[in-house]
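Here it is, the structure, as structure tokens.
The values are calculated or read from the model by the stated rules, or taken from the named source; none is laboratory data. All figures in this text were calculated on a predicted structure; none of them were measured in a lab. Cβ placement follows ideal geometry from the backbone for every residue including glycine, while neighbour counts extend to all protein chains displayed.
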Amino acid sequence: MKLLDDILVLDFSQYLAGPWTAVKLADFGARVIKIERPGSGDNSRRLILSNLLIDGDSSVFHSMNRNKESYAANLKDTDDLRKVKELIKKADVMIENFRPGIMEKIGLGYEEVKKLNPGIIYTSVTGYGAEGPLKGKPGQDLLVQSLSGIPWLNGNADQAPVPVGLAVVDQFTTANAVQAILASLIRRSRTGEGARVELSLIESAIDFQFEVLTTYLNNGEKMSERSKVNNAHNFLGAPYGIYKTKDSFIALSMGPLQVLADLLECEGLKRYSDPDEWFDKRDEIKQTLAEHMPGRTTEEWLAVLEPADYWCARVNTTRELLEDEGLSRADMIQEIKRKNGTTLKTTRTPVRIDGDKLFCSKGAPVLGEDTDAINKEFGL
């Protein structure tokens, strides 16, 4: 028995944050029915990465919608809306990420849904909240990253702002949504009371920066400055950063600079004996390191640093990550399969329950492939 057996989730969402939330619930055992527009479905079916389509849908759609069923319904059609409302009466969780006001226009806003099912956990994910001047703007990850200031934390001081090369805001919002949904389900099990869960990408992006914002708010609102050399964290001193070696790259984290100087046999570092200098003169120190590290290969440096327990790591490419013997033991790749036989590889949920990894083999559904079966099962 999985943790969320007998929990029914209706996923009205599109693109990333909403569907990825539903996938996480499915991985824990919930039954997830994806409600999609007939004919086109979730727009992420055509959100193509590197021109890769698999069985007519984008690879990102497959990854975000595995282990779900697809129910095609035109929410502007009276009969289809009636059927969806019957499903809502039986659901435990509902997830939507339309712009504010859309669900109310359809007749599926929280107050209407609460009348149908007082115990439902109604989850809304927006870009910028339901109120305020930004509420109608597109809640896309790069745009939210930019408004939140995250790109100013990346890259070196002489570079333009650098966004994170992943949809990190969507993914962090997903983590917040799953936590809130699970907490609401626990409360419902005790009280029978449902909940309205509301999240926005911008709030998650702000929370994501708790380290740097807390520092800023308590240091006289002094703006952080990116290091000019190998910047990796605006508020940390040398050697924190990534350095080119003779053959690749190595990451150096935190540790006493004098110890590092001895291990690397780097005379230039030994003059920085005052720990306060490690931040105040970080560019000088990092430049000294940047000139010294190409003298040996990454493996040669690791052979010196790791036995001394100095925090460091090689910088893997995607191929190197997947070929690394130690990391492969995490067993993070699984194969999923559609009903029509189409297979593809993707990641699994990075959790173990009672020692068991959470694998699933059910691929993302073809648009509307479960509509007839669901109508029959629920008497719609």
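Restricting the search to segment 344-360, which residues are touching a residue at least 12 places away in the same chain (Cβ under 8 Å) and out of contact with any Ser or Thr (no Cβ under 9 Å at 6 or more places or on another chain)?
Once the filter is applied, which keeps residues that are touching a residue at least 12 places away in the same chain (Cβ under 8 Å) and out of contact with any Ser or Thr (no Cβ under 9 Å at 6 or more places or on another chain), segment 344-360 yields Lys345, Arg348, Thr349, Pro350, Val351, Ile353.
Could you tell me which of the residues Ser189, Ser184 is in the same structural domain as Lys24 (by TED's automatic domain parsing), of a type in the set (S, T, N, Q) and within 23 Å of Ser13 (Cα to Cα)?
It is Ser184.
Pro161 versus (1) in the same structural domain as Ile121 (by TED's automatic domain parsing); (2) out of contact with any Ser or Thr (no Cβ under 8 Å at 6 or more places or on another chain); (3) surrounded by fewer than 19 Cβ atoms within 10 Å (Cβ to Cβ): which is the lone unmet condition?
(2)
So, in segment 100-150, exactly how many residues are part of a loop (DSSP other than H, G, I, E, B), touching a Pro at 6+ places or on another chain (Cβ under 7 Å) and of a type in the set (A, V, I, L, M)?
1
Related question: Six or more apart or on different chains, Cβ under 8 Å: which pairs go from a residue in segment 318-341 that's in contact (Cβ under 8 Å) with a residue 12 or more places away in the chain to one that's assigned to a helix (DSSP H, G or I)? Could you list them?
Final answer for the pair search is Ile333/Leu322; Ile336/His62.
Condition check: under 27 Å from the mean Cα position of the chain (by Cα), modelled with pLDDT of 95 or more and under 18 Å from Ala373 (Cβ atoms). Does Glu69 satisfy that?
Taking the combined requirement at face value, the residue satisfies it.
Assuming Glu193 fulfils every condition listed in (1) farther than 30 Å from Met293 by Cβ; (2) surrounded by 14 or more Cβ atoms within 10 Å (Cβ to Cβ) apart from one, which condition is it?
Exception for Glu193: condition (2).
Does segment 213-228 contain at least one residue that is closer than 27 Å to Glu96 by Cα, touching a residue at least 12 places away in the same chain (Cβ under 8 Å) and among the basic types (Lys, Arg)?
No, every residue in segment 213-228 fails to be closer than 27 Å to Glu96 by Cα, touching a residue at least 12 places away in the same chain (Cβ under 8 Å) and among the basic types (Lys, Arg).
For (1) farther than 30 Å from Ala72 by Cβ; (2) at pLDDT 95 or above; (3) not assigned by TED's automatic domain parsing to the domain that holds Ile250, each residue gets a yes or a no:
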{"site": "Thr297", "(1), (2), (3)": "yes, yes, no"}
{"site": "Val304", "(1), (2), (3)": "yes, yes, no"}
{"site": "Pro307", "(1), (2), (3)": "yes, yes, no"}
{"site": "Lys339", "(1), (2), (3)": "no, no, yes"}
{"site": "Pro350", "(1), (2), (3)": "yes, no, yes"}
{"site": "Ile353", "(1), (2), (3)": "yes, no, yes"}
{"site": "Ser361", "(1), (2), (3)": "no, no, yes"}
{"site": "Leu367", "(1), (2), (3)": "no, yes, yes"}
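Additional query: Find all pairs meeting these conditions: Cβ atoms under 7 angstrom apart; at least six residues apart or on different chains; first residue within segment 47-70 and assigned to a helix (DSSP H, G or I); second residue aromatic (Phe, Trp, Tyr) and modelled with pLDDT of 90 or more.
Cβ pairs passing all conditions: Met64/Trp20.
Within segment 259-268, can one find any residue that is at pLDDT below 95, surrounded by 15 or more Cβ atoms within 10 Å (Cβ to Cβ) and assigned to a helix (DSSP H, G or I)?
Yes, there is a match, as at least one residue in segment 259-268 is at pLDDT below 95, surrounded by 15 or more Cβ atoms within 10 Å (Cβ to Cβ) and assigned to a helix (DSSP H, G or I).
Can you tell me which of (1) surrounded by 12 or more Cβ atoms within 10 Å (Cβ to Cβ); (2) on the phi > 0 side of the Ramachandran plot is the one Leu327 doesn't meet?
(2)
OK, next. Select, from Asn97, Asn43, the only residue that is under 19 Å from Glu369 (Cα atoms), under 22 Å from the mean Cα position of the chain (by Cα) and in the same structural domain as Thr346 (by TED's automatic domain parsing).
Asn43
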